[in-house]
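The values are calculated or read from the model by the stated rules, or taken from the named source; none is laboratory data. These numbers come from a predicted model, not from an experiment. Cβ sites come from the backbone with ideal geometry, for glycine too, and all protein chains shown count toward neighbours. Note: accessible area is taken over every heavy atom of the protein model, side chains too, but ligands, DNA and RNA are not part of it. Shrake-Rupley method; radii C 1.70, N 1.55, O 1.52, S 1.80 Å.
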Amino acid sequence: MSSTLTPPRRPVAASAPASASRGASAPGGSSASGSSAGGPAAGLSADTRTRAKNHRRRQTAADVMQLLCVTSVAASIALYLAYAGLADFTSLQGTINAFGIMAGLAGTDLILVMLVLAARVPWIDRTVGQDRAIALHRALGKPALYLILAHGVLLTISYAMLDQIDVVGETVSLLSSSTEMLLAYLGLGLLVLVVVTSIVAVRRRFAYEAWHLIHLLSYAAVLVALPHQLSTGGVLAEGTLQRVYWIALYVAAFGLVVVYRFALPIIRSARHGLRVTSVETIAPGVVSIVMSGTKLDSLRAQGGQYAVWRFWSANTWWHAHPISFSAVPTANAIRITVRDLGAGSARISRVPVGTSVSIEGPYGVFTDRARTSPYLSVVTAGIGITPVRAMLEHASLRPGEATVLLRASDENGQYLWQEVAGIASSTGSSAFSMMGHRPAGTDTWMSESAIRSGVTLETVFPHLHNSDLYICGPQAWADLVVQDARRAGLAEKQIHLERFES
């Protein structure tokens with residue numbers, strides 16, 4: 001039995017399930033009782049076995065990916081030691097020199113790993129999701145920088161000891177010794193600039209476009225230091241396996257960037273010929289943009305995924321945006337829904353009809369395929385409803401399998417609720433709402449009335465512990481839902497949360 005919903009022309013507002021406190025309904029708003037459709041169908045157990053197998057396969061792939069990262073760093077050091085590196089450990093100066101070289105090799109290897117993680121490689125996206133890949137990319141930034149700085153400091157000290165001059169004099173000597181060394185110092189300076197501007201507190205002071213332009217300097221930082229690595233010190237001497245290994249790493253890293261960040265998006269955009277066909281305001285500051293094209297089903301986009309869009313109008317061409325599909329693409333149409341959250345998204349909402357559009361993607365694992373459990377629980381707020389709406393449309397749901405909680409502070413936040421209600425009704429799923437502002441001074445994702453009524457995740461979602469919990473909404477709000485889920489005892493594999501990063 002499906003949830004009873006309010007008439008289509010009114011905002012969806014439903015009370016919590018029979019086992020839940022009634023505080024989950026909107027204060028003073030219309031409500032209709034909702035109930036689960038009984039036990040899962042017989043096919044749920046078979047689906048659960050398939051999901052468990054898929055999860056193990058993804059976990060194995062993730063382990064392989066981590067092993068490859070660690071192995072690449074270990075191999076860079078092992079090859080150095082194998083090619084006479086051990087001979088440096090015969091004196092203090094030689095030991096300092098060896099540690100300096102190893103720090104530089106490890107740091108450079110990590111930078112190349114970072115480039116691969118940011119290259120939007122499909123295998124990496126399917127394995128861990130682009131958001132987690134970028135999180136690891138950022139986490140490696142500081143260690144890589146520290147290793148490169150240690151490389152410079154230790155080698156300068158080593159050379160100063162060898163030349164019997166002070167460190168400052170040695171630094172001046174190195175700067176003037178060759179073009180390769182000058183390029184190496186330039187690369188170090190660029191790398192410092194990229195890492196420092198990526199620190200959250202610093203990044204907030206920059207417009208996104210300025211930060212992104214600076215961040216692109218990381219490619220230049222690696223390339224300008226390459227001549228120094230290949231020609232200075234004889235570490236990567238010609239004819240050695242060590243030199244072959246490093247050239248292969250550079251070719252692989254930059255090759256993946258060229259293919260997946262540039263070539264493939266250009267080819268895909270040209271093939272599909274996307275153009276804006278309509279821009280519809282669906283709520284204050286929220287628009288749905290429909291684009292038409294050819295053979296769009298060949299994108300194989302799944303509900304819940306996103307793409308990176310570039311609108312080729314005078315006011316938007318220079319800024320690409322990661323935005324979720326708000327409906328499953330058809331063979332000739334795609335829809336996204338955008339909320340005005342800043343200057344960039346505000347410009348998109350005014351994009352002219354007929355504007356050409358480039359697409360990178362689709363990306364993301366916020367999909368039905370990532371599930372591991374027999375039931376589906378969803379909690380969403382704000383513009384986070386867009387991937388949820390598409391995921392529910394794309395999923396093959398049995399009656400009683402899914403429960404959806406729609407969260408908003410007021411009626412202005414109810415965009416796409418009626419569409420979600422329609423999907424819930426057609427699949428025999430339960431849809432509920434929680435309206436109202438959060439209490440001041442309290443870290444919670446729930447409304448004040450829900451807290452007073454004792455509402456919890458367990459009361460809203462009757463099958464919570466046998467569910468995958470999908471969460472999408474503002475970052476700080478979503479983090480609070482995740483905290484509650486962990487306190488309720490959900491395993492990490494049951495919690496699905498995806499963040500959009502460039």
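What the table below lists for this structure:
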| item | result |
| --- | --- |
| Residue count, the range 368-392 (criterion: part of a helix (DSSP H, G or I) and of a type outside the set (S, T, N, Q)) | 13 |
| Unique match (being under 25 Å from Phe325 (Cα atoms), at pLDDT below 90, small (Gly, Ala, Ser) and open to solvent by 20 Å² or more (accessible area, probe 1.4 Å)) among Ser502, Ser409, Ser426 | Ser502 |
| Residue that is farthest from the chain's Cα centre (by Cα), among those in the range 253-267 that are over 17 Å from Thr355 (Cα atoms) and open to solvent by 50 Å² or more (accessible area, probe 1.4 Å) | Ile267 |
| In the range 438-476, residue farthest from Gly489 (Cα to Cα) [restricted to those that are assigned to a helix (DSSP H, G or I) and polar (S, T, N, Q)] | Ser449 |
| Pairs with Cβ under 6 Å, 6+ apart, first in the range 163-192 and among the aliphatic types (A, V, I, L, M), second surrounded by fewer than 16 Cβ atoms within 10 Å (Cβ to Cβ) | Leu190/Ala220 |
| Residue match in the range 393-406 (condition: assigned to a helix (DSSP H, G or I) and either at pLDDT 95 or above or under 29 Å from Gln59 (Cβ atoms) (or both)) | yes |
| Any chance Pro474 is within 30 Å of Trp309 (Cβ to Cβ) and open to solvent by 20 Å² or more (accessible area, probe 1.4 Å) | yes |
| Some residue of the range 327-344 being open to solvent by less than 20 Å² (accessible area, probe 1.4 Å), over 27 Å from Leu264 (Cβ atoms), in a helix (DSSP H, G or I) and among the aliphatic types (A, V, I, L, M) | no |
| Qualifying residue in the range 386-393 (condition: open to solvent by 30 Å² or more (accessible area, probe 1.4 Å), more than 27 Å from the chain's Cα centre (by Cα) and not aliphatic (A, V, I, L, M)) | no |
| The range 282-316, residues that are exposed (fewer than 15 other Cβ atoms within 10 Å of the Cβ), more than 12 Å from Pro352 (Cα to Cα) and free of Cβ contacts under 8 Å to residues at least 60 places away in the same chain | Thr294, Lys295, Asp297, Ser298 |
| Some residue of the range 104-123 being surrounded by fewer than 21 Cβ atoms within 10 Å (Cβ to Cβ), farther than 21 Å from Pro143 by Cβ and either at pLDDT below 90 or not β-branched (Val, Ile, Thr) (or both) | yes |
| Residue in the range 60-79 that is charged (D, E, K, R) and at pLDDT 85 or above present | yes |
